[in-house]
């Protein structure tokens with residue numbers, strides 16, 4: 001049960017990061033630049049997040065991605081939650 005839960009959490013996290021950044025498994029990660037043009041989802045008009053891999057996890061741009069990822073994953077897991085029963 002724990003391995004299934006761990007796998008589900010990791011899949012949800014991966015999928016959410018890919019959705020928020022607009023980077024598919026086949027795409028290269030975009031290079032973050034200070035004055036870069038915004039990358040926009042053509043379908044929704046929402047701006048994609050671009051992590052800055054040259055900085056640490058506490059950089060504002062990266063914290064924003066982590067925060068939004070966490071919010072989305074928790075929401076997704078709550079929607080698709082199967083109650084655990086001890087038996």
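Quick notes on this one:
- In segment 60-81, the residues that are at pLDDT below 90, in a helix (DSSP H, G or I) and either more than 15 Å from the chain's Cα centre (by Cα) or more than 23 Å from residue 6 (Cβ to Cβ) (or both): 61, 78, 79
- Residues (surrounded by fewer than 16 Cβ atoms within 10 Å (Cβ to Cβ) and not in a helix (DSSP H, G or I)) located in segment 8-27: 24, 25, 26, 27
- Scanning segment 28-52 for residues that are within 16 Å of the chain's Cα centre (by Cα), part of a loop (DSSP other than H, G, I, E, B) and closer than 19 Å to residue 72 by Cα gives 41, 46, 48, 49, 50, 51.
- Those residues of segment 30-59 which are at pLDDT below 90, out of contact with any helix residue (DSSP H, G or I) (no Cβ under 8 Å at 6 or more places or on another chain) and under 21 Å from residue 70 (Cβ atoms), in sequence order: 53
- Residue 5 being part of a helix (DSSP H, G or I), under 26 Å from residue 80 (Cβ atoms) and at pLDDT below 90: yes
The values are calculated or read from the model by the stated rules, or taken from the named source; none is laboratory data. The structure displayed is predicted, hence computed values, not measured ones. Cβ coordinates were reconstructed from backbone atoms using ideal geometry, including for glycine residues, and neighbour counts include every protein chain displayed.
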